[in-house]
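Structure record follows, encoded as structure tokens.
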Amino acid sequence: MKILVLNGVNMNMLGIREKGIYGHETFEELEKKVIEKGKLLGIEVISYQSNYEGELVEKIQQAYETMDGIVINPGAYTHTSIALLDALKAVQLPAVEVHISNIDEREDFRKISYIGTYCEKRIYGKGIAGYEEAIEYLYNKLANCGFVYKQ
């Protein structure tokens, strides 16, 4: 089983930017935790981050028939990118939207999520632990349905 963990714009700045909102853990620590979570579950987790919308779209498209699910935190693209939404809809993989902060307690514009209209689960406000929860959710869903692209 393979799960893509996709991070968008400014996520590479974790531990540097707005620590009161996003915490002190770095992006490198996030990547280490999601890969370790995968190892604990016996699955492969591929982590990718880009500040460029088109690169994120390409990663989603490349996930078609090579990945079993997607965990996605598009950052600010959450609120603006119909392109990412359309890419998710095109590949038809189970997806979970994750946000480190609680977007419902922030500015009004952050409460709008184009991505969330496709994702079957949304996890926010749990910090980096939300990613681990998302991986576990996809693992349980996929293991119970017995259908995976890659072992």
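For residue 28 paired with residue 126, estimate the spin-label separation in nm (one decimal), with each label point 7 Å from Cα along the Cα-to-Cβ line.
2.7
Cut-off under 19 Å on the C-alpha distance; same-chain residues fewer than 8 positions from residue 19 excluded. Which aspartates and glutamates are left, in chain and number order?
Hits, sequence-local ones excluded: 28, 29, 31, 104, 105, 107.
At 1.4 Å probe radius, can you tell me the per residue accessible area of segment 1-127 in Å²?
Accessible area per residue: 48 Å².
Around residue 69, with a cut-off of 10 angstrom between Cβ atoms, what is the net charge of the other residues, counting Lys and Arg +1 and Asp and Glu -1?
Surrounding charge for residue 69 is 0.
Run down the lysines and flag those whose C-alpha is under 21 Å from the C-alpha of residue 121, throwing out any fewer than 8 positions away in its chain.
Within the straight-line limit of under 21 Å, residue 121 reaches these lysines: 2, 33, 37, 59, 89, 111, 141.
Obtain the nm distance between the two label points defined at residue 52 and residue 145 by a simple spin-label model: each point lies 7 Å from its Cα along the Cα-to-C-beta direction.
So the label points at residue 52 and residue 145 sit 3.2 nm apart.
Order these peptides, 4-16, 117-129, by their mean beta-carbon neighbour count within 10 angstrom, highest first.
Output ranking for 4-16, 117-129: 4-16, 117-129.
Counting each DSSP H run of 4 or more residues in the chain as -39500 (n - 2.57), what helix-only mean residue ellipticity at 222 nm follows after dividing by all residues, to the nearest 500 deg cm²/dmol?
So the helix-based figure for the chain works out to -11500 deg cm²/dmol.
Using a probe of 1.4 angstrom, how much of the accessible area of segment 2-145 is carbon and sulfur, in percent?
Ligands and nucleic acids excluded, carbon and sulfur give 48 percent.
How long are the semi-axes of the equivalent ellipsoid of the chain, taking √(5λ) for every eigenvalue λ of the Cα gyration tensor, in whole Å from largest down?
One finds semi-axes of 22, 18, 14 Å for the chain.
The values are calculated or read from the model by the stated rules, or taken from the named source; none is laboratory data. Keep in mind it's a predicted model, so treat the numbers as computed, not measured. Using ideal geometry, Cβ is built from the backbone for each residue, glycine included, and neighbour counts are taken over all protein chains shown. Ligands, DNA and RNA are stripped out before the accessible areas are found, and what is left, the full protein with its side chains, is counted by its heavy atoms. Shrake-Rupley method; radii C 1.70, N 1.55, O 1.52, S 1.80 Å.
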